[in-house]
1. Test residue 23 against the stated conditions and say whether it is out of contact with any helix residue (DSSP H, G or I) (no Cβ under 8 Å at 6 or more places or on another chain), among the charged types (D, E, K, R) and either surrounded by 12 or more Cβ atoms within 10 Å (Cβ to Cβ) or part of a strand (DSSP E or B) (or both).
2. Could you list, in sequence order, all residues of the range 60-74 that are in contact with a Lys or Arg (Cβ under 9 Å, 6 or more places away or on another chain) and assigned to a loop (DSSP other than H, G, I, E, B)?
3. From the list 89, 77, 4, 56, which residue is exposed (fewer than 12 other Cβ atoms within 10 Å of the Cβ) and touching a strand residue (DSSP E or B) at 6+ places or on another chain (Cβ under 6 Å)?
4. Just to check your reading of the model, which residue among 40, 49 is more than 22 Å from residue 87 (Cβ to Cβ) and surrounded by fewer than 11 Cβ atoms within 10 Å (Cβ to Cβ)?
5. If only one of 68, 29, 78 is closer than 27 Å to residue 11 by Cα, among the hydroxyl-bearing types (Ser, Thr, Tyr) and free of Cβ contacts under 8 Å to residues at least 60 places away in the same chain, which one is it?
Amino acid sequence: MNKKELVSTVATQCGCTQAQAAEFFEAFTGAIVGHLKSEGDGGEVNMPGFGKFVAKHRPSREMRNPATGQMMMSKAKTGIQFKTSAALKDI
């Protein structure tokens, strides 16, 4: 399922237009991203019955460039991890 299909399904189930469902989807994802950005490392968005989005810090590390074989350092960054709920795992 892609974004267009998801928006169409939400619009059908809620009895609203696709434009309204798309606006809801953008607001929903924007709220999740905004919260995780503001909280930084360790921030989380928990949705019971679905799962949890968690911001995790990844430190810099030494790695090998596959093209040249030269050792280099990767950048430290914060990534997002999704942990599914038990109800979703049962599906």
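1. yes
2. 60, 70, 74
3. It is 77.
4. Going through 40, 49 in turn, the sole match is 40.
5. 29
Matching residues to (1) among the basic types (Lys, Arg); (2) at pLDDT below 90; (3) within 11 Å of the chain's Cα centre (by Cα):
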site: 28; (1), (2), (3): no, no, no
site: 32; (1), (2), (3): no, no, yes
site: 42; (1), (2), (3): no, yes, no
site: 54; (1), (2), (3): no, no, yes
site: 62; (1), (2), (3): no, no, no
site: 65; (1), (2), (3): no, no, no
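The values are calculated or read from the model by the stated rules, or taken from the named source; none is laboratory data. Everything quoted here is computed from the prediction, not taken from an experiment. We place every Cβ from the backbone using ideal geometry, glycine too, and count neighbours over all the protein chains shown.
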